[in-house]
Structure formats: structure tokens, C-alpha cells
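Chemist: Here it is, the structure in full.
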Amino acid sequence: MTERLRIAVQKKGRLADDSFAMLKKCGLRFSIRGGALLARVKNAPIDLLLVRDDDIPSFVSTGAADLGMAGENVLVEEVLTSGNTMDALIDRRLGFSRCSLCLAADANGQIQSAADLEGTKIATTYPGVLGKYLKENNINATSVEMKGAVELAPSIDIADSICDLVSSGATLEANGLAAFETILNSEAVLIKSSREFAGEKQAIYDSLVSRIDGVIRSADSKYIMLNAPKSAVPEISKILPGSDAPTIIPLGDSDLVAVQAVCTENVFWETLEDLKSKGARSILVLPIEKMLG
Ligand code: PRT
Ligand code: ZN
């Protein structure tokens, strides 16, 4: 029987859809059914363990899963609250579910900066990360642990401020709160333990992560095609964002050449206008689906 690599993924929630989408972009075929704990990948020796995000670091640490996809915030908190006995490390940043763990308080209240936290109460679901921040900054404040609805704590006098995740900022605004300090920036990460993979698992892992890297690189990458006078090529090459040497193809006997390049950074309208002002014509920007090597 071939060995199967087991990846712990959030079953349902803010990370789940993007995690499934990334694995599908890596070419894995699977379907998620109702209450199932395990989803079998049909075309690779990989199983997905479908769990709550909070369990992912410890599953990887104990070896119940070989890899995990979780928020960096959850991993950092778990490592801090487990007394650093956790063997779960960031293998790669995955570029989705970006958010920040912020300190926030009444927009018009007494607490407007970290210095004002002295002697106050802060509600949070992240006592580990908050405790470390308070210690490092020599702030004497009490952290009040909550399991959810942290943003309501100041209005019901449970705490004077909060330490919570923010993405759009709409939740803070709806509760009359304003962020005054970011203590952690987070995104989804691939988690691995420091143990070596046994047997065939190393090869399954190598193939998967090279595909993941390809998906991440192609996300912002574009293929640019344009025509330009030969004399303009040096200037145009300088502007193409994040590209190596472009391919230059002569166009018949004319003074024109076709320029083609992979740009690994975002291509904005401003870049295209810049290219046009340097003599580029017929500029096409195409999405790249996959990249390898
Ligand atoms: O059921 P399970 O335990 O698996 O899920 P969960 O309810 O604990 O977590 P879930 O699905 O809400 O979030 C999973 C992960 O998504 C988090 O650990 C973060 O890594 C990431 N993430 C990204 C976020 C947010 N953005 C986010 N905005 N997690 C939570 N929020 C919450 C925040 O706590 C606050 O209540 O959304 C609200 C703020 O959002 P904005 O857009 O109004 O600022
Ligand atoms: Zn959770």
C-alpha cells in the first residue's frame, strides 16, 4: 500500500474555501462531503483532514497530520500558550486570509495609544500573543480571555479595550472602536513539523510544495506582449515589473520588434501608460495559469 500524505485543513470558515481552492489549483481532485473528517484526494496519495482551525498546529505537532494550512495567528498563539513545546513551524506563507491582530478602543475614549493601556483591562481571544506584547513593552494590563464577540467587551464594561483580528475594519467601526496598534500581521501559512518525512512522503511533499510555489508565483504574474521600435527596447525593459530579460522577436523588415515577458509583480494601468509613452503599441496583458521551474 502506498503511503499517503495527510494535510489538516479548516473544515468550514474563513480559511476553508481558499485552502481548498489552492489545493485544487495544485491539480488535486477531491470533494468535501457533509460531516466527513477525511477527504481522499483521487489523483494523488494525499488525504485532507477536515478540522477546526485551532486544532491544526497541534495535529501537525503530534504527527496526526503531516502538514497543515492555518492562520499564522493561530500557530503563533498555540506555540506561545503551549510553552514552546509545540513542534509546528511555518513552511511557507500562502498569501491568503490576510488580517492583523490589533489593539482597539472606543474611538473617542481615554485609550488612544499603547501608553494609555497601563492598569486597564483588555479583552482578547489571543492571551498568548497579547501577553508577549505587553511584557515586551513593559505594560501592566490585565488580559480578559473571551472565546468570541470580543468587540462587544468595552460596551458591556467587561474590558476597556480589545485585542482582536481585523481585516476590513468594518466590525470595529460598527462597534464604535478604532485600532491604535497592530501587534501581529497574519496570513495563511503551510505548517510542517521539524521531523523528516519517512519513506515516500518526502517525494509527495516535494511535488506538492513545488506546485504550491507555482500557484503563489503565478497569482500576481502576467504575460505581457507588445510591439515597439527596436530603439525603445532598453527603456521598455526597465519598466516591465519584475521580469527577467524579455523575449525580443523581429517583425519582418520593419524597425518594429515584438516584446514578450513574464512579469512577476502586479501590472497596473500606470505601468501600461508608461510603456505606451516609451513607444510601446498593441500592449496585451495575459493571465498566467501555472508556472513550474
Ligand atoms: O470553526 P473554526 O474554529 O475552524 O473557525 P473560527 O471561527 O475560529 O475561525 P474563522 O473561520 O473565523 O477564521 C479563521 C482564520 O481566518 C483566522 O484564524 C485568521 O487567520 C483568518 N482571518 C482573516 C480572520 C479574519 N480575517 C477576520 N476578519 N479571522 C477572523 N476575523 C474576524 C475578527 O475576529 C472579527 O470578529 O472578523 C471580524 C473582523 O473582520 P472585519 O473585516 O470586520 O475587520
Ligand atoms: Zn477556530
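The values are calculated or read from the model by the stated rules, or taken from the named source; none is laboratory data. The shown structure was predicted, so the numbers you read here are calculated from the model rather than taken from an experiment. Neighbour counts are summed over all protein chains in view; Cβ atoms, including those assigned to glycine, are modelled from backbone coordinates with ideal geometry. In case anyone asks, the SASA skips ligands and DNA or RNA and just uses the protein heavy atoms, side chains included. Shrake-Rupley method; radii C 1.70, N 1.55, O 1.52, S 1.80 Å.
Chemist: Could you grab me the full set of residues in the stretch 250-293 that are under 14 Å from Asn227 (Cβ atoms) and hydroxyl-bearing (Ser, Thr, Tyr)?
Modeler: The answer is Ser254, Ser282.
Chemist: Please tell me if Ile283 is surrounded by 17 or more Cβ atoms within 10 Å (Cβ to Cβ) and at pLDDT 90 or above.
Modeler: In short, yes.
Chemist: Still on this structure: Which ones in the stretch 184-223 are among the small types (Gly, Ala, Ser), open to solvent by 60 Å² or more (accessible area, probe 1.4 Å) and in contact with an Asp or Glu (Cβ under 7 Å, 6 or more places away or on another chain)?
Modeler: Ser194, Gly199
Chemist: Further, regarding this structure: Hand me the list of strands (runs of 3 or more DSSP E) wholly inside the stretch 1-112 holding 1 or more residues that are open to solvent by 50 Å² or more (accessible area, probe 1.4 Å) and away from ligand 2 (no atom under 16 Å from the Cβ).
Modeler: Those strands (runs of 3 or more DSSP E) span 5-10, 38-40, 89-93, 99-106.
Chemist: So which residues in the stretch 176-206 are under 25 Å from Ala21 (Cα atoms), aliphatic (A, V, I, L, M) and not in a strand (DSSP E or B), if there are any at all?
Modeler: Ala203, Ile204
Chemist: Hey, another quick one. Taking the stretch 163-183, which residues are open to solvent by less than 40 Å² (accessible area, probe 1.4 Å) and within 10 Å of ligand 1 (Cβ to nearest atom)?
Modeler: Once the filter is applied, which keeps residues that are open to solvent by less than 40 Å² (accessible area, probe 1.4 Å) and within 10 Å of ligand 1 (Cβ to nearest atom), the stretch 163-183 yields Asp164, Val166, Gly169, Leu172.
Chemist: I've got another one for you. Which residue out of Ala232, Ala245 is at pLDDT below 90, assigned by TED's automatic domain parsing to the domain that holds Asn266 and at negative phi? Please lay out each step first, then the result.
Modeler: Details: Ala232 fails: at pLDDT below 90.
Residue meeting the stated conditions: Ala245.
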